[in-house]
Amino acid sequence: MLEHGQCLEIEAGAVDHGQRLDTWLASKIDDCSRTRIQDLIREGRVLAGGKPPSKPRDAVVAGMTYTITLPEPEPTDIEGQDIPLAVLYEDHDLIVINKPPGLVVHPAPGHADGTLVNALLYHCEDLQGVGGELRPGIVHRLDKDTSGVMVVAKHQSALDALASQFQDRLTHKVYVAVVVGVPHPAAGRIETEIGRSRHDRKKMSTDTVCGRHAVSNYQVIEVLDRFSIVQLQIETGRTHQIRVQMAHIGHPVAGDLVYGGSHSKIWKDRGGCPRQMLHSQSLSFIHPSTHQRVEFSAPLPDDMVAFIRSL
């Protein structure tokens with residue numbers, strides 16, 4: 001994830017040579033669309049070997065180092081709001097929460113307030129500015145309709161320590177999902193590339209020109225008629241990773257109207273799902289002060305339990 005004011009350098013390899021620059025860069029930077037990359041190129045914030053490329057469609061050159069810089073954000077005042085937080089653990093370094101479904105993590109177009117960040121700023125008044133104005137304390141994210149465990153840093157050194165663990169894959173993340181059908185075999189490993197869809201830039205896909213490696217390990221823990229409950233441990237943290245990869249093997253997450261495809265009718269026949277049935281069950285990491293590994297877990301939320309009982 002590229003934050004405001006951050007400078008990122010990416011060296012193109014032999015396999016990257018000849019690819020379209022804006023598409024290639026968008027595939028390399030999480031949560032940065034091709035349109036955003038095009039704007040950055042036109043603003044002169046992308047350099048190829050120290051010189052600005054002429055156009056977004058320029059070809060990538062193997063061995064070339066590309067530098068991308070996001071401008072500092074415009075001054076903004078994100079206010080704390082008295083939104084209830086389910087706190088699993090808190091100390092002077094961090095806070096671990098059980099995010100409810102339906103809560104957006106940080107302000108964005110269409111969600112100016114009422115977000116997790118607004119709730120955190122009310123709860124932790126000195127959090128403002130930690131890691132950036134727009135996403136104070138945010139180390140990782142969950143989709144709006146995904147519930148479960150999240151960790152938030154309360155000061156910059158804790159944020160840096162936690163962020164490096166996510167980047168270096170030192171965290172251990174376990175999810176529970178209700179999926180359509182029963183995966184076969186009952187336990188397996190999914191390895192794909194994930195990048196922006198070639199057909200819909202708002203979606204992620206395994207069918208991509210230049211995606212990023214993604215790995216998920218799954219195990220079926222209960223079969224429920226035409227659905228099953230699956231536990232997943234993800235080794236990487238790509239955007240929509242579980243949702244995309246389960247759809248890729250033909251077993252999309254129940255209630256996922258983005259990646260569910262023709263399977264949508266199945267859960268509509270069952271009375272529908274209130275959301276995608278995906279929950280961050282546990283998160284383990286090394287505490288930035290004690291340097292001991294800690295683990296936190298959150299029970300399934302009521303709406304997910306109710307859906308399972310209805311099957």
(message) Given N residues in region 139-188, what is its alpha carbon radius of gyration divided by 2.2 N^0.38 Å?
(response) 1.54
(request) Over 25 Å between C-alpha atoms is what I'm after, so list which of Lys28/Lys203; Lys55/Lys144; Lys154/Lys203; Lys51/Lys203; Lys28/Lys51 land there. (result) Lys55/Lys144; Lys154/Lys203; Lys51/Lys203
(request) Using a 10 Å Cβ count of at most 13 others and DSSP loop calls, identify the longest part of the chain lacking such GluC sites (Glu not before Pro). (result) 80-311
(request) May I ask for the net charge around Asn118, where only other residues with Cβ less than 11 Å from the Cβ of Asn118 are counted and Lys, Arg are +1 while Asp, Glu are -1? (result) -3
(message) Taking the alpha-carbon distance from Lys173 and a cut-off under 17 Å, which aspartates and glutamates remain once sequence neighbours fewer than 8 residues away in the same chain are dropped?
(response) Asp143, Glu191, Glu235, Glu295
(message) Among (i) 26, 21, 20; (ii) 26, 24, 20; (iii) 32, 26, 18, only one was calculated for this model; which label is it, if the read-out is semi-axes √(5λ) of the Cα gyration tensor in Å?
(response) (iii)
(request) Sort out the exposed loop trypsin sites (Lys or Arg not before Pro) in the chain (DSSP loop, at most 13 other Cβ within 10 Å) and tell me the longest stretch that has none. (result) 58-168
(request) For the chain, build the charge dipole from Cβ charges (+1 Lys, Arg; -1 Asp, Glu) around the Cα centre, then report which of His213, Ser262, Gly49 sits farthest towards its positive end. (result) Ser262
(request) Divide, for region 172-214, the radius of gyration over alpha carbons by 2.2 N^0.38 Å, where N is the residue count. (result) 1.42
(request) Would you mind computing, in nm to one decimal, how far apart the modelled labels at Gln292 and Ala108 are, each placed 7 Å from Cα along Cα→Cβ? (result) 3.7
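Readers should treat all values here as calculations from the given coordinates under stated rules, not as data from a laboratory. As the structure is a prediction and not an experimental result, all values here were calculated from the model. When we count neighbours, we look across all protein chains shown, and the Cβ atoms used for this are built from the backbone with ideal geometry, even at glycine.
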